[in-house]
Structures are given as C-alpha cells and as structure tokens.
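**Student:** Here's a structure for you.
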Amino acid sequence: MRTSLIALTVSAGLLGGCQTVETTKEGAVGVDRQQRMMVSEQDVNAAAQKQYAAMMAEAQKKNALDRDAAQVQRVKAITSRLVPQTAVFRPDAQKWAWEVHVLTLNDVNAWCMPGGKMAVYSGLIEKLQATDDELAAVMGHEISHALREHSRESISRQMATQAAVGIAGALFGVGELGQGLGNMVADVTLNLPNSRTNEVEADRIGVELAARAGYNPEAAITLWQKMAKLNSGGQPPKWLSTHPANEDRIKDLQVYAAKVMPLYQAAKASPTAGK
Ligand SMILES: [Zn+2]
C-alpha cells in the first residue's frame, strides 16, 4: 500500500511534467511532428554528458580512444562542417557541447547522444571503406536523432508506460533519477532499435545537413548499399540492429537526396565550401 502510494505520487509528478514540444524546425525536408516529453532536456543532456564522459574514460583505459590520428582528423573535420548547419533546424544546438571521438572497435557503428556527444567506430570507417560523403551521411543521420531528441522521446515513452503500471516510484526513487536516466540514455541511444518514424526523420534531416555542409547527399544511398552488402556476409553490422533496414528506405533517401541537391550545389559553389 505504501509502495503504491509512493508510486502514485511519483507518477503524478511525472505526468504533471508532460509537455508537447516541437524539437526542430521543418527545414527544406519538412519534418514536422510534435513530441510528448516527460523528462526535461536539461536532465537528459546532463545524464548523457556524464555517461559519455565515463564511456570515453573507459575507452581511454582500454587504449581504444582516438588511436588513429588520420581517422580522428577526418571525423573531426566532417563534424565541424555539419554542426553549423544544425542551426537551420534548431538554433540552440549551436550552444551544445559538441564532441566526437573515434573508438577502436570492430563494430560497424556510430551514434550521437543527446546534446551532441558522438562516437564513430573504426570498424565503420574501415569495413565500409567509407568516403567523406558517406561518413557525413552517417554522422548527419546520427546528429539528426539528437536534434529531434529521439532518445528523450523514447525515455518519455518508457516513463509513461512505467507510470501507468505504477512502478515509476521503484525505478525513479529520489536520488536514483540521475543514475537511472544515464543508463536509459545509453540504452535508447546505443542499443535499442529506432522506430521507422524516427529513422525517416533522421534520414531526411541528415541528408539536408550533409548537403548544406557541401557533402553529396546521394552518399546516403551508397552507404546503405554498402551496409546491405556487409549484412549478406553473415555478420550483420551493429548499426543495422539499431537502424532496421527497410526496402522503402533507399526509395525515400533517393527522393530526399534529390530534394536537397540544390542545397549541395549551392554549398559547393560557395567560396567558403570545404572550410
Ligand atoms: Zn537512425
């Protein structure tokens, strides 16, 4: 009885914090979907930042952090061209503490935690023989998940479910919220498959970010073709387990790559292109 009362109080608190938001502007690709959030952006980003720092420290300990200077330089250069373009979708992202590292891991994987904390695995760069345009496609896609706050949305959905069954109090006791949130952020960003809706949004915003940064948006298509080839080799890339492949995906990317092609051409023609 006492437990359920506590759970009820916490649930009421969580539900009281529920809000409907529009995390991004539409851009040229026209992504507009309202999202229901039950946890604040500040709490999620703070938890992500902590989690990311711990993971990078762990990678450092294992001598798996930024080992290949050429790879690091490439990834940082691409990031520095993509990040300014995020202002089209949400100006506040310019103030995020963006960070990217290359992890020496064989998995074909890359991710971006809430607030702009990114990792690209050496396995992705090497096994895909990724061009700069293709790397920009992967990173633009991952950055778009962060811009759309898909992790915060997933966590909110989980919280709503847990509140509904009355176990929120057990999971989010006073003082445990921070730790619980950090684990959830890592789980939804790194391990759980994204919904088709989230994938479409990240694909579309991703090609626009890449195009505006002067990267060929059609590389998103060749990237998926390379992924599919790796998949047929017997060991499906980690990235595919969190980004379920779909036959419609390439078709949608073709449509949206064509749509943002003028942005790419304009970026290429600009005197600051590649800077
Ligand atoms: Zn994705």
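The values are calculated or read from the model by the stated rules, or taken from the named source; none is laboratory data. Everything numeric in this text was worked out from a predicted model, so none of it was measured. All Cβ positions, even for glycine, are placed from backbone atoms using ideal geometry, and neighbour counts span all protein chains on display. Ligands, DNA and RNA are excluded from the accessible area calculation, which covers all protein heavy atoms including side chains. Shrake-Rupley method; radii C 1.70, N 1.55, O 1.52, S 1.80 Å.
**Student:** If you count, for each residue, the other Cβ atoms within 10 Å and average over each peptide, how do 90-98, 255-263 line up from highest to lowest? All intermediate terms of the calculation are to be shown ahead of the outcome.
**Tutor:** On the way: 90-98: 14.1, 255-263: 17.8.
Going by the mean number of other Cβ atoms within 10 Å, highest first, we get 255-263, 90-98.
**Student:** Taking all protein chains as present, what is the carbon and sulfur share of the accessible area of the chain, in % to the nearest whole number, probe 1.4 Å? Walk me through the numbers before you get to the answer.
**Tutor:** Working: 6970 of 12840 Å².
Whole-percent figure for carbon plus sulfur exposure: 54.
**Student:** Sticking with this one: In nanometres, what is the gap between the two model label sites at residue 60 and residue 97, each 7 Å from Cα along Cα-to-Cβ?
**Tutor:** Here the answer is 1.3 nm between the modelled labels.
**Student:** By average Cβ neighbour count within 10 Å, what is the ranking of 212-218, 43-49, 136-142 from highest down?
**Tutor:** On the way: 212-218: 24.7, 43-49: 21.7, 136-142: 27.9.
Per-residue mean Cβ counts within 10 Å order the peptides as 136-142, 212-218, 43-49.
**Student:** Need the C-alpha centroid separation for the range 238-271 versus the range 186-236, integer Å.
**Tutor:** 9 Å
**Student:** Pull out a ≥ b ≥ c, the square roots of the eigenvalues of the alpha-carbon gyration tensor of the chain, then state rounded if a/c is under 1.5, prolate if not and a/b is larger than b/c, and oblate in the remaining case. Can you show the working numbers first?
**Tutor:** Details: a/c = 1.85, a/b = 1.55, b/c = 1.20.
Since a/c reaches 1.5 and a/b is larger than b/c, the shape of the chain is classed as prolate.
**Student:** Moving on to the next point. First check a/c for the range 37-103, with a ≥ b ≥ c the square roots of the eigenvalues of its C-alpha gyration tensor; if it is under 1.5, answer rounded, and if not, answer prolate when a/b is larger than b/c or oblate otherwise. Before the final figure, lay out the partial values.
**Tutor:** Numbers: a/c = 4.06, a/b = 1.25, b/c = 3.24.
The shape class here is oblate.
**Student:** Whole number in Å², please: accessible area per residue of the chain, 1.4 Å probe, ligands, DNA and RNA not counted. Walk me through the numbers before you get to the answer.
**Tutor:** Details: 12840 Å² over 275 residues.
Per residue, the chain has 47 Å² of solvent-accessible surface.
**Student:** Based on DSSP H runs of at least 4 residues, each adding -39500 (n - 2.57), what is the mean residue ellipticity at 222 nm of the chain after dividing by all its residues, to the nearest 500 deg cm²/dmol? Provide the component values of the computation, followed by the final result.
**Tutor:** Details: 12 runs with 160 residues, N = 275.
Calculated mean residue ellipticity at 222 nm is -18500 deg cm²/dmol.
**Student:** Which net charge results for the neighbourhood of residue 74, defined as the other residues with beta-carbon distances under 13 angstrom from its beta-carbon, given Lys and Arg at +1 and Asp and Glu at -1?
**Tutor:** Values: positive: 76, 81; negative: 66, 68, 126, 132, 133, 134.
Taking every other residue near residue 74 into account, the sum is -4.
**Student:** How many angstrom separate the Cα center of the range 125-164 from the Cα center of the range 69-111?
**Tutor:** Cα centroid of the range 125-164 versus Cα centroid of the range 69-111: 12 Å apart.
**Student:** Report the relative contact order of the chain, percent, no decimals, based on alpha-carbon pairs under 8 angstrom and at least 6 residues apart. Please report the intermediate quantities before stating the final value.
**Tutor:** Working: 425 pairs, mean separation 62.2, N = 275.
Rounded, it is 23 percent for the chain.
**Student:** Then there is this: Is the shape of the range 12-147 rounded, prolate or oblate, going by the alpha carbon gyration tensor and its root eigenvalues a ≥ b ≥ c, with a/c under 1.5 for rounded and a/b larger than b/c for prolate?
**Tutor:** Working: a/c = 2.41, a/b = 1.48, b/c = 1.63.
Oblate.
**Student:** Full extension from residue 77 to residue 252: what is 0.36 nm times the residue separation minus their Cα-Cα distance, to one decimal in nm?
**Tutor:** Working: separation 175, 0.36 × 175 = 63.00 nm, distance 2.76 nm.
Result for the pair: 60.2 nm of gain on full extension.
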